[in-house]
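Below you'll find the structure, written out as C-alpha cells, and then a few comments.
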Amino acid sequence: QVQLVESGGGLVQPGGSLRLSCAASRNIAHVYYMGWFRQAQWKEREAVALITTGEGPNYKDSVKGRFTVSRDDANNILYLQMDNLQLEDTAVYYCNYRDRLGFDYWGGGTVVTVSG
C-alpha cells in the first residue's frame, strides 16, 4: 500500500500561481510513474502532468508552458508548480502513483479554484 497526501490547493485569481505537493509513504525513486490528474465538476478525470522514471515529463497540451512537474526522490515528494492559472484550471487535483506491477494509488485530492 502507498499513502499519498496532497497539499497546496487554494483560491487564486487568474494569472496567479500555486504549488501542489504530494507526499508519498513509499520510496518513489523506482516507481513506474507519478503524476497529477484533475477532475473538474461534471467532467471526467484527466491527466495533467506525468513523470515516468527514466524519462522526461509529459503534460496535457493546455498546461504546457504554465505547469511544471518535478520529483524529490530523496524525500518522496511530487510537486506541481502551476503558473498563469486560468479559470479552466479549476478542479480537484489528485496525485497518482503507479508501481511497476501496474497498480495505481491515489491521494484524496486538493481543491484548486481560480476565480476573479
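Quickly run through the stretch 13-42 and pick out the residues that are touching a helix residue (DSSP H, G or I) at 6+ places or on another chain (Cβ under 9 Å) and open to solvent by less than 20 Å² (accessible area, probe 1.4 Å).
Arg38
Exactly one of these conditions fails for Asp104: (1) surrounded by 17 or more Cβ atoms within 10 Å (Cβ to Cβ); (2) among the acidic types (Asp, Glu); (3) without any contact (Cβ under 8 Å) to a residue 24 or more places away in the chain. Give me its number.
The one condition Asp104 does not meet is (1).
Residue by residue through the stretch 26-64, note down the ones that are of a type in the set (Gly, Ala, Ser), over 11 Å from the mean Cα position of the chain (by Cα) and modelled with pLDDT of 95 or more. So that I can check it myself, show each step before the final result.
At the first step, the residues of the stretch 26-64 found to be of a type in the set (Gly, Ala, Ser) are 29, 35, 40, 47, 49, 54, 56, 62.
Now drop any that are not over 11 Å from the mean Cα position of the chain (by Cα), which leaves 29, 40, 54, 56, 62.
Within the stretch 26-64, Ala40, Ser62 qualify.
If Asn75 satisfies every condition in (1) open to solvent by 70 Å² or more (accessible area, probe 1.4 Å); (2) in contact with a helix residue (DSSP H, G or I) (Cβ under 8 Å, 6 or more places away or on another chain) but one, which is the exception?
Of the numbered conditions (1) open to solvent by 70 Å² or more (accessible area, probe 1.4 Å); (2) in contact with a helix residue (DSSP H, G or I) (Cβ under 8 Å, 6 or more places away or on another chain), the odd one out for Asn75 is (2).
How many residues, within the stretch 107-116, are surrounded by 12 or more Cβ atoms within 10 Å (Cβ to Cβ) and either more than 15 Å from Ala49 (Cβ to Cβ) or free of Cβ contacts under 8 Å to residues at least 24 places away in the same chain (or both)?
4
Does Ala49 satisfy being surrounded by fewer than 17 Cβ atoms within 10 Å (Cβ to Cβ) and either among the hydrophobic types (A, V, I, L, M, F, W, C) or without any contact (Cβ under 8 Å) to a residue 24 or more places away in the chain (or both)?
no
Could you pull out the residue among Leu87, Leu80 that is aliphatic (A, V, I, L, M) and exposed (fewer than 15 other Cβ atoms within 10 Å of the Cβ)?
None of the other options fit; the residue is Leu87.
The values are calculated or read from the model by the stated rules, or taken from the named source; none is laboratory data. Just so it is clear, the structure is predicted and the values come from calculations on it, not from any experiment. Because the Cβ atoms are built from the backbone with ideal geometry, glycine has one as well, and the counts that use them run over all protein chains shown. These area figures cover heavy atoms from the full protein model, side chains too; ligands, DNA and RNA do not enter into them. Shrake-Rupley method; radii C 1.70, N 1.55, O 1.52, S 1.80 Å.
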